[in-house]
Amino acid sequence: MIRGKQPEADLRLRYRRNLGSAFALSLLLHGFVFVLFPDIEPKVHARSEAPVIIQLEDIPPTRQERQPPPPSRPVVPVATDSPEVPDDLTIEETDIDFSFLDDLPPPPPRVRRQQETVVQEIELEEDEEEIVELWKVEKQPVVTKQVVPDYPEIALRANITGRVFVTALITTEGRVERLGEITGPEVFHQAAREAALQWEFEPAIQNDRPVKVWVSLPFTFRLD
């Protein structure tokens, strides 16, 4: 059995009637207010703010006073057991005779100083030819002479192809000073090494002077 709402509790039955009654009552109240008070002007009260007074104080400049120097230390007498030395003799009045040093032979020459000078000169030369990282240079080296490596006979017979990268140190004259790491098929390493040593470059430039840099040289071995 389905139980429905009782008519007294069902608000939907009286919704339109209640809405119309409330709307009509609202219109009557607004009209009554406009009839009684036709000219309503709200009063605006301006809040008075107290003036802000900024007062500048005359601050005298600071002065740095120099403290007087500390007093000199008193002279302390030197105690001694010798009866020939007077009791009031101090360190400042003591005279030392260095004439015995004239009879001593001169010291031997310091060979180590010369060695240190040579080491310093070598270090200065190394600093002048410092190896700079490739990404730091202003102008990277440009290839002027490129040598194609010979195809190894064993790789040719076995129909082997590949790509080899040789890391080379380029001097300030643009020549390959030495080789570093070689990556790629090992069968091509010797041929790539011999070809890389014959490459020539325009040296890298950093601060308007040539510098040494490491570069990677690619070699491609393929059968046409």
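Brief remarks on what is shown
- Residue under evaluation A168, criteria (1) in contact (Cβ under 8 Å) with a residue 40 or more places away in the chain; (2) in a loop (DSSP other than H, G, I, E, B); (3) more than 14 Å from F221 (Cβ to Cβ), criterion not met: (2)
- Qualifying residue in the range 8-24 (condition: touching a Pro at 6+ places or on another chain (Cβ under 9 Å) and either assigned to a loop (DSSP other than H, G, I, E, B) or modelled with pLDDT of 70 or more (or both)): yes
- All positions within the range 196-214 that are closer than 30 Å to I160 by Cβ and either buried (at least 19 other Cβ atoms within 10 Å of the Cβ) or touching a Gly at 6+ places or on another chain (Cβ under 8 Å) (or both): A196, W199, E200, F201, W214
The values are calculated or read from the model by the stated rules, or taken from the named source; none is laboratory data. This one's a predicted model, so the numbers in the text were calculated from it and none came from an experiment. Note that we place each Cβ from the backbone using ideal geometry, even for glycine, and neighbour counts take in every protein chain shown.
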